[in-house]
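Trainee: Encoded as structure tokens, here's the structure I'll be asking about.
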Amino acid sequence: MEGPIRAREALALTLFSLLFFLSRSSALHDLLISNAERRIDLSSHIVKVYLTLKVENAGSSPASEVVLAFPPSQVDHLATVEALATKGKRKKTTFVRLEVKPTELPDAPNDTKYFTIYLANPLNSAESITLEVLYMLTHSLEPFPAEIGQSESQLVYYRDSALVLSPYHIKQQTTFIKTPSTKVDSFTRVEPTNRAGTEIKYGPYEDHTPYSFSAILVHFENNSPFAVVEELVREVEISHWGNLQVTEQYKLVHAGARHKGVFSRYLLARLPPRVHSVYYRDEIGNISSSHLRTDSRKSELEIEPRYPLFGGWKATFVIGYGLPLQDFLFESSEDRRYVNFTFGCPLMETVVDKLTIKVVLPEGSKDPSAVVPFPVDQHLETKYSYLDVVGRTVVVLEKKNVVPGHNSHFQVYYTFKPIFMLAEPLMLASAFFLFFVACIAYLHIDLSIRK
Amino acid sequence: MAAPEASSAAVPTLMTNNTLRNAFGGVLSFFILLLIGVLAFSIRLFSVIKYESVIHEFDPYFNYRVTQFLTKNGIYEFWNWFDDRTWYPLGRVIGGTVYPGLTLTAGTIWWLLNSLNIPLSVETVCVFTAPIFSAFASWATYLLTKEVKGAGAGLTAAVLLAMVPSYISRSVAGSYDNEAVAIFALIFTFYLYIKTLNTGSLFYATLNSIAYFYMVCSWGGYTFIINLIPMHVLLCIVTGRYSSRLYIAYAPLVVLGTLLAALVPVVGFNAVMTSEHFASFLVFIIIHVVALVYYIKGILSPKMFKVAVTLVISAGLAVCCAVIAVLIALVASSPTKGWSGRSLSLLDPTYASKYIPIIASVSEHQPPTWPSYFMDINVLAFLVPAGIIACFLPLSDASSFVVLYIATSVYFSGVMVRLMLVLAPAACITSGIALSQAFDVFTRSIKFQLPGLSSNTEVDAGETSSATKEAQNDAVKTEKAEETSKDRPSRKSKKKEREHVEKPSTKTKAEKKRLLALPLEASVISLLLLVFLGAFYVVHCVWAAAEAYSAPSIVLTSHSHDGLHVFDDFREAYAWLRHNTDVDDKVASWWDYGYQTTAMANRTVIVDNNTWNNTHIATVGTAMSSPEKAAWEIFHSLDVKYILVVFGGLVGYPSDDINKFLWMVRIGGGVFPHIKEPDYLRDGQYRIDSQATPTMLNCLMYKLSYYRFVETDGKGFDRVRRTEIGKKYFKLTHFEEVFTTHHWMVRIYKLKPQKNRIRGKTKKSKSKTSSTSSSKRSERGLFRHGNVFGGKEAQNQFCISSILGLVPCATTGPPKRQI
């Protein structure tokens, strides 16, 4: 099995180096990476990659950007990319979070996609800096065999490169792959390769040209449940009468091998504290199997889908709950308020392919703006709810490939005058008043033609 | 009733006081009605509180699905809806075969709410349609009874109807069925008929036709109206009560009502072509003849009239004979004598069980038992005779209608337990009259014998026990006062007549006061007893609403020593089908689960609860009772991919498919003669234990139900049949199990794909297929009957097993639809 793979990877290697010579771009190559260490964690169905890069400026001009390269197959499954710059030595090490943005570079070989790390201070000539990069990949483990019986264990493929894909020259690099158990069916050897316990070590490799690539394949056992929420729509409706109503629509799928043993029948959703009127249902009614545990710091909702999810099975459900408004709504200035809420999926250890958050602002609010710590798609909608006349502004935030790492807070700012709170009660009161007036009028008007 | 009259006559200074009291009475009765509406609505919410806001049972799911379609696609798409997700591969024209009243009502409510930006879901609207219409129905009862015997009786009847168990059983929140709105339409149509009869107003006659139209839209039971009203008209004519008011109440109804009824697609030309409607046309002719006679009588002298009568009778007889002969010939020429199967089984209770097993198989089409009368109308059953007597004191056109209504509905309820629903309003009206009259008599005699009190009551609002009664009387007065002030010409005649009726009666009452007065002790005790009777009724109704009729039947609960158990297996299975099968997969199951599968799982089914094609149902029945290979071939020929069976053996759920198996064999065997019932019987019984016949143990239903069952407890003990199963270890060759719910109540199997053909075996399998297709070709001609009205059948738990002697009837089970 390893033979053909080796041949293919050699071919890829030459191809990439060829591409490199064809498409050399000047600005990038002032930098070089003196040491790269990569740790790939395959223990859950979310692949976590820790990359430590020691970047040197070999050019003459200071550089303020470092570019990371990803093969196109990984970019689609890339959930998050974070970069930290380390400062100081040993125990005094401090980390500075750096801004990372996807960028387009001309002449990208083989549709390579790039992310640029913006350094806090420009890297002067001959200086070096250590960068810690963390990125997570979803849907990167492919069950093989694709269909298994209930009692068999699940084996998956993980594909990557033994060499770190980079537009820079890398002097020395090592890759560690951590598997959940010692059961590894096979793995590609790119000498020197070692396997010890649950870890496979590729490298160290010396002096690889930019865009070097060497495909590897790891076939190993992974029995963790592959809980994937294909689509999650969270709607947060703000009522200034004191309630925050959250409705979450899930489309859950077990993305493991088809007909795999029971996926933990229980799912745990972590909800904010002081949650009330929780419901859990789907389109055909209430699902009776759920438990809510609350304490002062958090609420945990233990839910069970209608049926146990085997590999490849799907289920949809809705969770809704109310929250006290004062925990989430704050005033920033005169009439200017903001709502502070968690992004991400309340279900523990799940991947969300597509997450939509809709923040429904009260009727009459103006100038909405959202502050989210990572890039998301934003747009506005209008929603009509109970007795609305002009409709409520809805701030829609969309993000693909959401992992638990995204469970951070985001804010939506808007302007709202409290007088609008009275609009609907006054409308109702006047409607009833008019009705009674009409009744009185009818009783006092004689409509008969003849006396 | 006498007290206010006397006071107004005697003391003029009390006039202002009296109008104040009248106004007070009007307001009071208005609020009482409002409370009755609230009561009617809230007593039906037990199902939502105890379970959840969900659609119940079988037929409501179909109605819910139709409503969803209507709200999504609009009314024109609805009329043209050809549903290809049911009765595969035949499909069903929903727009033309469904009574649209309920759907349109709920759709309109939903549309209205949404246009006000009140975002209620279609499901919520459907769940609460029935309770809302129950409130309307109790108000309609008030109006009807008020027309017959005054506001007091009206309020009593309304409160009785608001909580009569029979009606509750069909209209709890979530029971989204035709009857929910139809009973309101029925009572309201009767009210408008009586109103027209009392006033002679063409305005009400037109409204009456429109109400009748709504009834036709809502329910097949509209034939009851179109037969009962002609009967009453005929009764009036025969007893010499003909008047122009009767003519106005009847003639426009027949003409306009029939025209409107023909507009409803499902009725169409049936409105003039089936025998159910002929009685109304016959009476229509008769009333015209009678009207002519009265007219001629008016313009001719008595002597001339006699001559004319002899002339006309001799000529008329000849014409009549000819017409009747033609009618009889027409009726006789149609195959079922012009009557649909269900109507025939009304007239001849044994008809269905003799000829149509599919009608007989539905438990709600069985005659009721005596306990079910007590369960459903409770103390009303004892009050009805008293009410009938009260209707004769004095007999008016309106009260004779009530007598006729109760008499016919008692007969029909005796034929089919479902029609208990028609009896309930009649029973409430007569009982309301009885109670009100009894209270009237007793309080009057108490007042008469307590002189201090009687003088007081003239000023005071009245003693406590009869407070409501007084108020009710006041309500009548208020209305009258209002009428006088308005002095509408159209109401003049009616008012005159009212006074005509009431004046002598009050006068005679005043004279008879002394005679009618009962001893004080007797009246007090009787009053107390009546109050106890009412209290007993209320307690029973609340119990029935809370315990007996609120179970949605798709989710079951049971109480055991370690708390409440929820059996949500049906929805588990439907949700699984919905999310984990292809959207165009066909699912075969016994017809009971057809509506639920299309609505909850959104998958195409072969047969459903609209049992319009017996042959198709028989095909499924045959497949279920055939051995595996033959069944596979039948299902494969129908493109079926999944088979759903309901199995209660693990948890003791008695209305499972094994208990319904009798009907699969019987209906299947009725069309495909190679299925013979005796093959499945041992000593005249269906058995699944070691004594079972080989045919039984090899049939598909047995195998699908008990596949791997022995793995649960090692013995294969069936808790419904209370026996160990006959064949424990077997494998399936043509089917594979894909899903079994938590409590094993629903099991879903997949047809294995066709095997690769081996050269030698081709011939054999070919000959088999041809034999099945030829047997299919030899099916009897399709015969069609309207949809089997579904719904709940809680109190009437017929148990196939008890009939067949398999096991004693399990009472802990859920309501059963099919026996």
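The values are calculated or read from the model by the stated rules, or taken from the named source; none is laboratory data. These numbers were taken from a predicted model, which means no experiment stands behind them. All Cβ positions, glycine included, derive from the backbone under ideal geometry; neighbour counts span all protein chains shown.
Trainee: With a cut-off of at least 1 residues that are under 23 Å from B:Val264 (Cα atoms), name the helices (runs of 4 or more DSSP H) lying wholly within the range B:39-93.
Mentor: Details: elements: B:46-50, B:59-73, B:75-79.
The helices (runs of 4 or more DSSP H) meeting that bar are B:59-73, B:75-79.
Trainee: If B:Gly316 meets every condition in (1) closer than 28 Å to B:Thr189 by Cα; (2) assigned to a helix (DSSP H, G or I); (3) in contact (Cβ under 8 Å) with a residue 12 or more places away in the chain apart from one, which number is that one?
Mentor: Looking at each condition in turn, B:Gly316 falls short on (1).
Trainee: Right, something else. Need the failing condition index for A:Glu300 against (1) away from chain B (no Cβ under 14 Å); (2) in contact (Cβ under 8 Å) with a residue 40 or more places away in the chain, just the number.
Mentor: (2)
Trainee: Looking only at the range B:708-716, decide whether some residue is in contact with a helix residue (DSSP H, G or I) (Cβ under 7 Å, 6 or more places away or on another chain) and either in a loop (DSSP other than H, G, I, E, B) or among the acidic types (Asp, Glu) (or both). It would help to see each step written out before you state the result.
Mentor: First pass over the range B:708-716, keeping only residues in contact with a helix residue (DSSP H, G or I) (Cβ under 7 Å, 6 or more places away or on another chain): B:716.
Checking which are either in a loop (DSSP other than H, G, I, E, B) or among the acidic types (Asp, Glu) (or both) leaves us with B:716.
Looking through the range B:708-716, at least one residue is in contact with a helix residue (DSSP H, G or I) (Cβ under 7 Å, 6 or more places away or on another chain) and either in a loop (DSSP other than H, G, I, E, B) or among the acidic types (Asp, Glu) (or both).
Trainee: When you check B:Val331 against the structure, is it assigned to a helix (DSSP H, G or I), assigned by the TED database to the domain that holds B:Phe278, surrounded by 11 or more Cβ atoms within 10 Å (Cβ to Cβ) and at pLDDT below 75, yes or no?
Mentor: Numbers: assigned to a helix (DSSP H, G or I): yes; assigned by the TED database to the domain that holds B:Phe278: yes; surrounded by 11 or more Cβ atoms within 10 Å (Cβ to Cβ): yes; at pLDDT below 75: yes.
Taking the combined requirement at face value, the residue satisfies it.
Trainee: Would you pick out the residues in the range B:107-158 that are within 12 Å of chain A (Cβ to nearest Cβ), of a type in the set (A, V, I, L, M) and not in a loop (DSSP other than H, G, I, E, B)?
Mentor: B:Leu113, B:Val122, B:Val127
Trainee: Now for a different question. Please state which one of B:Glu736, B:Glu724 is within 14 Å of chain A (Cβ to nearest Cβ) and over 37 Å from the mean Cα position of the chain (by Cα).
Mentor: Values: B:Glu724 fails: within 14 Å of chain A (Cβ to nearest Cβ).
That would be B:Glu736, the only listed residue that is within 14 Å of chain A (Cβ to nearest Cβ) and over 37 Å from the mean Cα position of the chain (by Cα).
Trainee: Still on this structure, I have one more. Which condition number in (1) assigned to a helix (DSSP H, G or I); (2) β-branched (Val, Ile, Thr); (3) surrounded by fewer than 19 Cβ atoms within 10 Å (Cβ to Cβ) is the one that B:Thr733 fails?
Mentor: (1)
Trainee: Just one of (1) within 14 Å of chain A (Cβ to nearest Cβ); (2) at pLDDT 90 or above trips up B:Val54, so point out which.
Mentor: All conditions are met except number (2).
Trainee: When residues of the range A:363-382 are filtered for being over 30 Å from A:Pro225 (Cβ atoms) and either more than 14 Å from chain B (Cβ to nearest Cβ) or under 19 Å from the mean Cα position of the chain (by Cα) (or both), how many remain? Even if it seems obvious, please write down each step before you answer.
Mentor: The first filter runs over the range A:363-382 and keeps only residues over 30 Å from A:Pro225 (Cβ atoms), leaving A:363-371, A:378-382.
Those still in the list that are either more than 14 Å from chain B (Cβ to nearest Cβ) or under 19 Å from the mean Cα position of the chain (by Cα) (or both) too: A:364-371, A:378-381.
Result for the range A:363-382: 12.
Trainee: Which residue, of A:Thr209, A:Thr198, is modelled with pLDDT under 85 and in contact with a Lys or Arg (Cβ under 7 Å, 6 or more places away or on another chain)?
Mentor: Numbers: A:Thr209 fails: in contact with a Lys or Arg (Cβ under 7 Å, 6 or more places away or on another chain).
Residue meeting the stated conditions: A:Thr198.
Trainee: Here's something else I'd like to know. Taking the conditions exactly as written (among the charged types (D, E, K, R), touching a helix residue (DSSP H, G or I) at 6+ places or on another chain (Cβ under 6 Å) and modelled with pLDDT of 85 or more), does A:Lys358 satisfy them or not?
Mentor: Working: among the charged types (D, E, K, R): yes; touching a helix residue (DSSP H, G or I) at 6+ places or on another chain (Cβ under 6 Å): no; modelled with pLDDT of 85 or more: yes.
Here the answer is no, as A:Lys358 does not meet what is asked.
Trainee: What strands (runs of 3 or more DSSP E) completely inside the range A:377-416 contain at least 3 residues that are surrounded by 19 or more Cβ atoms within 10 Å (Cβ to Cβ)?
Mentor: On the way: elements: A:377-383, A:392-402, A:409-415.
Filter on the range A:377-416 gives A:392-402, A:409-415.
Trainee: Let me ask another. Filter the range A:304-334 down to the residues that are modelled with pLDDT under 85 and more than 14 Å from chain B (Cβ to nearest Cβ), then identify the one that is surrounded by the most Cβ atoms within 10 Å (Cβ to Cβ).
Mentor: This residue is A:Ser332.
Trainee: Look at B:Ala544 and say whether it is under 26 Å from B:His56 (Cα atoms), within 14 Å of another protein chain (Cβ to nearest Cβ) and part of a helix (DSSP H, G or I). First the steps, then the outcome.
Mentor: Working: under 26 Å from B:His56 (Cα atoms): yes; within 14 Å of another protein chain (Cβ to nearest Cβ): no; part of a helix (DSSP H, G or I): yes.
No.
Trainee: Does the range B:234-253 include one or more residues that are farther than 16 Å from B:Val290 by Cβ and polar (S, T, N, Q)?
Mentor: no
Trainee: Do we find a residue being within 21 Å of the chain's Cα centre (by Cα), within 14 Å of chain B (Cβ to nearest Cβ) and either surrounded by fewer than 20 Cβ atoms within 10 Å (Cβ to Cβ) or at pLDDT below 85 (or both) anywhere in the range A:335-342?
Mentor: no
Trainee: Pairs, please: C-beta under 6 Å, at least 6 apart or cross-chain, first residue within 14 Å of chain B (Cβ to nearest Cβ) and hydrophobic (A, V, I, L, M, F, W, C) and in the range A:383-412, second in a strand (DSSP E or B) and surrounded by 15 or more Cβ atoms within 10 Å (Cβ to Cβ)?
Mentor: A:Val394/A:Lys358; A:Val394/A:Val360; A:Val394/A:Lys383
Trainee: Here is a further query. Could you say which residue among B:Ser244, B:Ser175 is in contact (Cβ under 8 Å) with a residue 60 or more places away in the chain and small (Gly, Ala, Ser)? Give the steps one after another, and end with the answer.
Mentor: Details: B:Ser244 fails: in contact (Cβ under 8 Å) with a residue 60 or more places away in the chain.
The match here is B:Ser175.
Trainee: Quick one: is B:Leu207 without any contact (Cβ under 8 Å) to a residue 24 or more places away in the chain and farther than 30 Å from B:Pro552 by Cβ?
Mentor: yes
Trainee: Please go through the range B:185-228 and pick out each residue that is among the aliphatic types (A, V, I, L, M) and within 22 Å of B:Tyr167 (Cα to Cα). Don't jump to the end; show me each part of the working.
Mentor: Kept after step one, since they are among the aliphatic types (A, V, I, L, M), are these residues of the range B:185-228: B:185-187, B:192, B:194, B:197, B:202, B:205, B:207, B:210-211, B:215-216, B:225-226, B:228.
B:Ala185, B:Leu186, B:Ile187, B:Leu192, B:Ala211, B:Met215, B:Val216, B:Ile225, B:Ile226, B:Leu228 - these are the residues of the range B:185-228 that are among the aliphatic types (A, V, I, L, M) and within 22 Å of B:Tyr167 (Cα to Cα).
Trainee: Only one of these is crowded, with 21+ Cβ neighbours inside 10 Å and outside the structural domain of B:Asp639 (by the TED database): B:Thr108, B:Thr97, B:Thr103. Name it. Write out each step before concluding.
Mentor: Values: B:Thr108 fails: crowded, with 21+ Cβ neighbours inside 10 Å; B:Thr97 fails: crowded, with 21+ Cβ neighbours inside 10 Å.
One residue alone meets the criteria, B:Thr103.
Trainee: Only one of (1) crowded, with 20+ Cβ neighbours inside 10 Å; (2) of a type outside the set (Val, Ile, Thr); (3) in contact with a Leu (Cβ under 7 Å, 6 or more places away or on another chain) fails for A:Asn243. Which number is that?
Mentor: (1)
Trainee: A further question on this structure: May I ask you to list the residues in the range B:559-587 that are free of Cβ contacts under 8 Å to residues at least 12 places away in the same chain, more than 9 Å from chain A (Cβ to nearest Cβ) and in a strand (DSSP E or B)?
Mentor: B:His559, B:Ser560, B:Gly563, B:Leu564, B:His565, listed by residue number.
Trainee: Based on this model, can you work out whether A:Asp353 counts as modelled with pLDDT of 85 or more, part of a strand (DSSP E or B), over 23 Å from the mean Cα position of the chain (by Cα) and away from chain B (no Cβ under 14 Å)? It would help to see each step written out before you state the result.
Mentor: Details: modelled with pLDDT of 85 or more: yes; part of a strand (DSSP E or B): yes; over 23 Å from the mean Cα position of the chain (by Cα): no; away from chain B (no Cβ under 14 Å): yes.
Judged against the criteria, A:Asp353 is not a match.
Trainee: Can you pull out the residues in the range A:278-291 that are at the interface with another protein chain (Cβ under 8 Å from one of its Cβ atoms), part of a strand (DSSP E or B) and of a type in the set (S, T, N, Q)?
Mentor: A:Asn286
Trainee: Another one. Let me spell it out: the conditions are (1) of a type in the set (S, T, N, Q); (2) more than 14 Å from every other protein chain (Cβ to nearest Cβ); (3) under 23 Å from A:Ile357 (Cβ atoms), and A:Thr294 meets all of them except one. Which number is the exception?
Mentor: So the condition that A:Thr294 fails would be (3).
Trainee: Moving on. For the range A:348-376, how many residues are of a type in the set (Lys, Arg) and either exposed (fewer than 15 other Cβ atoms within 10 Å of the Cβ) or more than 18 Å from A:Gly320 (Cα to Cα) (or both)? Before the answer, list the steps.
Mentor: Step one: list which residues in the range A:348-376 are of a type in the set (Lys, Arg), which gives A:354, A:358, A:366.
Now restrict to residues that are either exposed (fewer than 15 other Cβ atoms within 10 Å of the Cβ) or more than 18 Å from A:Gly320 (Cα to Cα) (or both): A:354, A:366.
Count: 2.
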